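Each remark here refers to the structure printed beneath this line.
The values are calculated or read from the model by the stated rules, or taken from the named source; none is laboratory data. Everything quoted here is computed from the prediction, not taken from an experiment. As a convention, Cβ positions derive from the backbone with ideal geometry for all residues, glycine included, and neighbour counts pool all protein chains shown. For accessibility, only protein heavy atoms count, side chains too; no ligands or nucleic acids. Shrake-Rupley method; radii C 1.70, N 1.55, O 1.52, S 1.80 Å.
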Amino acid sequence: MFPRFSKRLSSRPKLALPINRNYTLLWLGGTISLIGDILFTMMLILWVGTLLQNQSAAPLAVSGVVLAAALPALLIGPFAGVFVDRWSKQRTMRLMDALRAVLVCSLLPISGPLPLPLALRLTIIYLVVAAVSALSQFFTPATKAILKEVVPQEQLTRASALTVGAGVFSWGIGSACAGICYVSLGAGWAIALNAASYACSWVLIGRMRVSAAERCASAHPTSLWPVLTELREGLRFIGGQLQLRTLLLTESLFSFGWGIVSVLAFFYITQNIHVPMSLFGLFSAVPAIGGIVGTLLVDRAAAKVGATSVYARALLFAGVMIIVSTVPNQAIIDLVGFTLIGIATMQAEVLVGPLVLFATPEQMVGRVFSTLGTVTTLSSFLATFLSGYVSSTLLQGVVVHLPTGELNATNLLHIGAGVLIFVGGLHASRQFRKLQ
């Protein structure tokens, strides 16, 4: 089931590598690539914002970067899973890394003083972002699907915790370096660094030693009808599996609720609890700090009470804490609350991958992860749009007076987000009990 070289690795010191050599290479490649992605995305936002500095269309242009990255996940994601299940996961990841590196480098000519109309420059940026995002729809489920090949089943939770923890770390490093890199070195260097991160990932993933079956995997005929048939089979499989069906609905509710919290974070922190702009980044990083703690604790908690119980309880706790933290409008309470929320939400997110892998046969893994990614992206996208619309129209000027203080539109939407996440945890708890 697993590569024969894993027996040779067992004689090495346990602390030498995270889990084993294959996973270490996959983990390093993914982490380096993710740091480059975050650096690239943040740089693009700064770049586009600078191109339209002091213009009324600047916010719309910046949101275009986010939209260009999100649309491929909605349009291509489910179909990408079909091909991930057909193809060699290792070859798929390397091909996507190579193509993404080439696409990112195509922005280098327009990052300099080349005299191009602003509209054309923005169009090229959006097209490259969309194309890179489309390729990522193949890369991401392949990295999750190959875990069954490189990690023993009893180590899947630990592997997921290391991956999610690296993601949190990558977000902090990439975000912190983006502004410095853009201001000091310019957009060209940020583009080159992201391309280099894909090259590093390509090399590291290529050094993985996978089984003969994985190496020899190849695509079936790629006409449209077989693709649609296999996609329908994947959706039917998810619908027939209680654990997957539960995760799909629960993760949708979580993504919608957390999307509301994320969109309104700036207004809540700076207006409701009156934190200075200079400290906004610190408050924004608090859930991430809690998330790192959560990844360290989740493996032991799952081994003690079970992965499904930890997942459901984490969402229940996160939903309650979002409601409790938002009502008093007190900075100290929010610091503690955000930390606890980060611990709980990250524990839940760590366990999604192992729970999917436990319930899914190898030939369906790509389709299941792609469907889950598409649904959660759509939920987050809807939350982004609806929360901004509702707070600016239906709830504008609404104030609810309580003995503890006043609640405005941001508070009310935060409470609604907490309720949605709590309902998701309650649904997961009830459904997972049926499996026992």
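What is the local net charge at Leu108, summed over the other residues whose Cβ is closer than 15 Å to its Cβ (Lys, Arg +1; Asp, Glu -1)? My count for the surroundings of Leu108 gives +2.
Counted by Cβ distance under 14 Å from Arg236, the other residues give a net charge of +1, where Lys and Arg count +1 and Asp and Glu count -1. Within the chain, the whole DSSP H helices whose Cα atoms reach 20 Å or more along their own axis and whose mean Kyte-Doolittle score is at least 1.0 are 21-51, 58-75, 118-145, 156-185, 187-206, 242-263, 280-305, 307-326, 331-359. Computed about the Cα centre, the dipole magnitude for the chain is approximately 1540 debye when only Lys and Arg (+1) and Asp and Glu (-1) carry charge, each at its Cβ. Lysine pair count for the chain with Cα-Cα distance under 29 Å and sequence separation of 8 or more or different chains is 15. Of the solvent-accessible surface of the stretch 243-327, computed with a 1.4 Å probe and all protein chains present, 72% belongs to carbon and sulfur. Extension gain, Ile289-Glu362: 0.36 nm per intervening residue step, less the Cα-Cα distance, totals 22.9 nm. Scoring 338-345, 258-265 by mean Cβ neighbours within 10 Å over their residues and listing the highest first yields 338-345, 258-265.
Taking label positions 7 Å along the Cα-Cβ direction at both Gln396 and Ile333, the computed distance is 2.9 nm, reported to one decimal.
Averaged over residues, the count of other Cβ atoms within 10 Å places the peptides 35-46, 154-165, 99-110 in the sequence 35-46, 154-165, 99-110, highest first.
Heavy atoms of the protein chains alone define the surface here; on that basis the chain has 47 Å² accessible area per residue at 1.4 Å probe size.
Comparing Gln241, Ile76, Ile32 along the charge dipole axis of the chain, the residue lying farthest to the positive side is Gln241, per the Cβ-charge model.
Note on Leu296 and Leu185: the model spin-label points, each 7 Å out from Cα along the C-beta direction, lie 3.0 nm apart. Classify the chain as rounded, prolate or oblate from the Cα gyration tensor: take a ≥ b ≥ c as the square roots of its eigenvalues, call it rounded if a/c is under 1.5, otherwise prolate when a/b beats b/c and oblate if not. Oblate.
Assuming a ≥ b ≥ c are the square roots of the Cα gyration tensor eigenvalues, decide whether the stretch 27-118 counts as rounded (a/c under 1.5), prolate (otherwise, with a/b larger than b/c) or oblate. Here the stretch 27-118 falls in the prolate category.
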